[in-house]
Amino acid sequence: AQSVAQPEDQVNVAEGNPLTVKCTYSVSGNPYLFWYVQYPNRGLQFLLKYITGDNLVKGSYGFEAEFNKSQTSFHLKKPSALVSDSALYFCAVRGTGGGNKLTFGTGTQLKVEL
Amino acid sequence: GAVVSQHPSWVICKSGTSVKIECRSLDFQATTMFWYRQFPKQSLMLMATSNEGSKATYEQGVEKDKFLINHASLTLSTLTVTSAHPEDSSFYICSAWQGSSYNEQFFGPGTRLTVL
């Protein structure tokens, strides 16, 4: 069975500071990893994905994520946070042997303050 | 990115009535559509997977006779909540997938269902 852990329910960061939202995964086979963002009462917006290739993946709105196979992690990062980045962030995984289902983490609420 | 729409965005209904939610992929053909349910401050719970022209596959614990899913075309899937009760009140989100493992799922904006 595949699983995703987001150990932090909430992350607080000051605007202009770097941010990290943590994600670790467990999956059989090679992982396909995704980050989505959700604003209140809205669906999920795709940010970035890791399929293969470079471990550092760049995505929308200045976000990036680093795939670390040995640590089974896929942390989301941004060099300089904006207040408008405040939202709920979900990490998700799909295994190569696990069909087409995505498994989501429990989500991390990011709060960026002035 | 690809666009997925949902209609309605919110609905309030009386207990015992049925409610239909539509999910459309606007600019691509979706081999598969997924239906999720999300409770406040919680993650998404997959309810079912639907492939065009075939019966939906429901996750364990999801009543298929209560949550009817139809996927009549490559751009439209519908979820009908039959004989709705207050405990069915939730945020329902659909996603569409083009079928390659390299592709992400694209999500609709969600439908807020409130059953009185």
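Conditions (1) open to solvent by less than 20 Å² (accessible area, probe 1.4 Å); (2) more than 11 Å from every other protein chain (Cβ to nearest Cβ); (3) within 19 Å of B:TRP10 (Cα to Cα); (4) in a loop (DSSP other than H, G, I, E, B), marked per residue:
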position: B:SER50; (1), (2), (3), (4): yes, yes, no, no
position: B:ALA72; (1), (2), (3), (4): no, yes, no, no
position: B:SER83; (1), (2), (3), (4): no, yes, yes, yes
position: B:PRO109; (1), (2), (3), (4): no, no, yes, yes
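Considering only segment A:53-93, state which residues are touching a residue at least 24 places away in the same chain (Cβ under 8 Å), part of a strand (DSSP E or B) and open to solvent by 10 Å² or more (accessible area, probe 1.4 Å). The answer is A:PHE67, A:HIS75, A:LYS77, A:LYS78, A:LEU88. Listed by first and then second residue, the pairs with beta-carbon distance under 8 Å, at least 6 apart or on different chains, first residue in segment B:6-31 and over 16 Å from B:ALA72 (Cα atoms) and open to solvent by less than 30 Å² (accessible area, probe 1.4 Å), second at pLDDT 95 or above and among the small types (Gly, Ala, Ser), are B:CYS13/B:ALA84; B:VAL19/B:ALA84.
Residues that are in a strand (DSSP E or B) and over 17 Å from B:MET33 (Cβ atoms) within segment B:7-23 comprise B:TRP10, B:VAL11, B:ILE12, B:CYS13, B:VAL19, listed in sequence order. With respect to (1) open to solvent by 40 Å² or more (accessible area, probe 1.4 Å); (2) without any contact (Cβ under 8 Å) to a residue 12 or more places away in the chain; (3) assigned to a strand (DSSP E or B), the lone exception for A:THR20 is condition (2).
The values are calculated or read from the model by the stated rules, or taken from the named source; none is laboratory data. Note that this is a predicted model, so its numbers are computed, not measured. Quick reminder, even Gly has a Cβ in these numbers, built from the backbone with ideal geometry, and neighbours come from all protein chains shown. When the accessible area is computed, the model is the full protein with side chains, heavy atoms only, and any ligands, DNA or RNA have been set aside. Shrake-Rupley method; radii C 1.70, N 1.55, O 1.52, S 1.80 Å.
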